[in-house]
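Trainee: Handing you this structure, nothing more for now.
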Amino acid sequence: MKLYVKTIAQSLPNWATVVTKSADLFEVEINDEHPGFQSLLEELETEIEPGIMGVKAENLCSRLGIEMSNSSLQQLVKQAQTLISLIATHPDYKQLLDEGYTPDLNIADAQTALTYLQWELKRNREPSV
């Protein structure tokens, strides 16, 4: 399991590892099969809605000393565009392409989708004439 957070505690449990930091976000990978993590889930489990048991992300993050990103959609789109650009120029991605990786949808498609979303967000913010 991965979490994308904007702040992080100085020390994390041994089942949580910071994988990357880019675009003002930390990527934290959690070994969700680790007994320590499972124990924490059991401890934090609560009734989210009548008849539905689970763990609220805010409770898990609070316990871990991390803060989830509560960015606006425009900020998230910008961060996603940055991450996609990093993927497009990553040597491992380039190697996959060189080895014949040909997905139905590609990085350019993802970039285009985000650009369209950004345009729509901008259009909706402009005052009506």
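The values are calculated or read from the model by the stated rules, or taken from the named source; none is laboratory data. None of these values were measured; they are calculated from a predicted model. Virtual Cβ from ideal backbone geometry, glycine too; neighbours counted across all protein chains shown. Each accessible area value is taken on the protein alone, full model and side chains, heavy atoms only, with ligands, DNA and RNA left out. Shrake-Rupley method; radii C 1.70, N 1.55, O 1.52, S 1.80 Å.
Trainee: Roughly how big is the chain's charge dipole about its Cα centre, with Cβ charges of +1 (Lys, Arg) and -1 (Asp, Glu), in debye to the nearest 20?
Mentor: My answer is approximately 680 debye.
Trainee: Considering only the other residues whose Cβ falls under 15 Å of the Cβ of P103, what net charge follows from Lys and Arg at +1 and Asp and Glu at -1?
Mentor: Around P103, the charge tally is -4.
Trainee: Which residue, L60, L25, L40, has the largest displacement toward the positive end of the dipole of region 18-98 when charges sit on each Cβ (Lys, Arg +1; Asp, Glu -1)?
Mentor: L25
Trainee: Cα axis of helix 73-89 to longest principal axis of the chain: angle in degrees, 0 to 90, nearest 10?
Mentor: Compared with the principal axis, the helix lies near 70 degrees.
Trainee: Local charge sum around A9 (other residues, Cβ-Cβ under 12 Å, Lys/Arg +1, Asp/Glu -1)?
Mentor: Charge balance near A9 sits at 0.
Trainee: Also: Assuming a strict under-22 Å limit between Cα atoms, what lysine pair count do you get for the chain once near-sequence pairs (fewer than 8 apart, same chain) are dropped?
Mentor: 9
Trainee: Shifting gears a bit: Anyone know which of D32, D104, D92 comes out most mobile in the 10 Å Cα GNM of the chain?
Mentor: D104
Trainee: Can you work out the accessible area per residue across the chain, with the rest of the protein chains kept in place, probe 1.4 Å, in square angstrom?
Mentor: Heavy-atom SASA per residue in the chain reads 72 Å².
Trainee: Of I66, I87, I52, which has the largest mean-square fluctuation in a 10 Å C-alpha GNM of the chain?
Mentor: Maximum among the listed residues: I52.
Trainee: Taking the alpha carbon gyration tensor of the chain, what are the square roots of 5 times its eigenvalues, largest first, to the nearest whole Å?
Mentor: 32, 23, 15
Trainee: Ok, one more. Where does helix 35-44 land angle-wise versus the long Cα axis of the chain, in degrees 0 to 90, nearest 10?
Mentor: Computed tilt is about 80 degrees.
Trainee: Among L96, L12, L86, which one shows the biggest mean-square fluctuation in a GNM of the chain, springs joining Cα atoms closer than 10 Å?
Mentor: L96
Trainee: Near Q74, within a Cβ-to-Cβ distance under 9 Å, what is the net charge of the other residues, with Lys and Arg +1 and Asp and Glu -1?
Mentor: +3
Trainee: Still on this model: State, as an integer percentage, the relative contact order of region 28-129 based on alpha-carbon contacts under 8 Å between residues 6 or more apart.
Mentor: Relative CO of region 28-129 lands at 17 percent.
Trainee: Using a 1.4 Å probe on the protein heavy atoms, what percent of the accessible area of region 58-102 belongs to carbon and sulfur?
Mentor: 54 percent
Trainee: Moving on. At 7 Å along Cα-to-Cβ for each site, give me the label-to-label distance between S11 and E45 in nm.
Mentor: Going from the S11 label point to the E45 one covers 2.9 nm.
Trainee: Against the longest principal axis of the chain, how steep is helix 107-125, in degrees 0 to 90 to the nearest 10, with axes from Cα atoms?
Mentor: 90 degrees
Trainee: Continuing with this model, one more query. Per residue of the chain, what 222 nm ellipticity follows from adding -39500 (n - 2.57) for every DSSP H run with n ≥ 4, rounded to the nearest 500?
Mentor: After summing the helix terms and dividing by residue count, I get -15000 deg cm²/dmol.
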